[in-house]
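What follows draws every value from the coordinates through simple rules; no lab data is involved. Computed from a predicted structure; not experimentally measured. Using ideal geometry, Cβ is built from the backbone for each residue, glycine included, and neighbour counts are taken over all protein chains shown.
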Amino acid sequence: MNLYCIPGFGVDERIYGNLSLDNVHLCFLNWLDPEPGETFNAYARRMAMRIKEENAVLAGISFGGMLALEIAGFKSIRQVILLSSVKYRSELPWYMRFAGQLGLNHIVPIKRIQQSSIAFRIANRRLGAYTADEREFANTYRKTANLNYVKWSFDKIVNWRNTADFKNVVHIHGDKDRILPVKNMRPDYIIKGGTHMMVWNRAAEISAIISLVLRRG
């Protein structure tokens with residue numbers, strides 16, 4: 001079967017590279033460059049054009065999970081698997097919701113942050129990128145991320161609302177996630193010690209759960 005995989009904020013299909021799923025073909029939906037003034041729904045519709053079948057199963061990491069739920073609001077989707085993500089706005093950390101309400105994301109010096117080694121170290125600790133390989137993996141994306149995409153994504157994340165109310169969702173989350181803390185949620189599966197990078201560094205456990213979910217349908 002096909003599993004359509006949406007990466008997390010600012011990354012591509014390589015974040016799924018350690019998963020091992022028998023008899024499953026991973027179809028990657030990498031991020032497009034946003035168009036000027038594009039709404040989240042309009043963007044989701046462009047992304048969804050690459051889903052070539054009805055009743056597809058989507059997996060989304062972090063911001064990619066929010067996008068998967070948006071797609072499920074207008075397209076025939078059988079199931080959504082959320083990885084290190086959220087189902088509702090209330091599950092976002094309070095400071096993200098606060099930043100969205102006040103528009104604080106518009107004053108964040110993103111370009112300067114992209115060039116700051118100190119910011120990278122702080123971000124890596126929060127992400128859960130502890131080994132040299134994990135830090136290099138995360139830093140590569142930060143250094144090359146498209147500035148227009150980053151600004152657009154920040155705005156959509158802090159202002160996100162799940163208007164689709166799609167029900168067939170399986171949520172997998174780590175209890176050590178510092179980006180999207182699990183205390184705000186009730187996931188179906190909790191990875192003990194899992195961080196926001198658990199799809200990469202706890203891939204065996206994640207693969208086993210996804211395989212079980214797909215078998216159950």
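Under the condition of being closer than 24 Å to ARG216 by Cβ and in contact with a Lys or Arg (Cβ under 8 Å, 6 or more places away or on another chain), which residue from segment 28-64 is surrounded by the most Cβ atoms within 10 Å (Cβ to Cβ)?
Looking at the filtered set, the residue picked out is VAL57.
Which of the following residues is touching a residue at least 40 places away in the same chain (Cβ under 8 Å), in contact with an Asp or Glu (Cβ under 9 Å, 6 or more places away or on another chain), surrounded by fewer than 19 Cβ atoms within 10 Å (Cβ to Cβ) and of a type in the set (A, V, I, L, M, F, W, C): VAL170, VAL213? Working first, answer last.
Values: VAL170 fails: surrounded by fewer than 19 Cβ atoms within 10 Å (Cβ to Cβ).
So the residue among VAL170, VAL213 that is touching a residue at least 40 places away in the same chain (Cβ under 8 Å), in contact with an Asp or Glu (Cβ under 9 Å, 6 or more places away or on another chain), surrounded by fewer than 19 Cβ atoms within 10 Å (Cβ to Cβ) and of a type in the set (A, V, I, L, M, F, W, C) is VAL213.
Can you name every residue in segment 64-78 that is closer than 11 Å to ASN41 by Cβ, part of a helix (DSSP H, G or I) and touching a residue at least 40 places away in the same chain (Cβ under 8 Å)?
LEU67, GLU70
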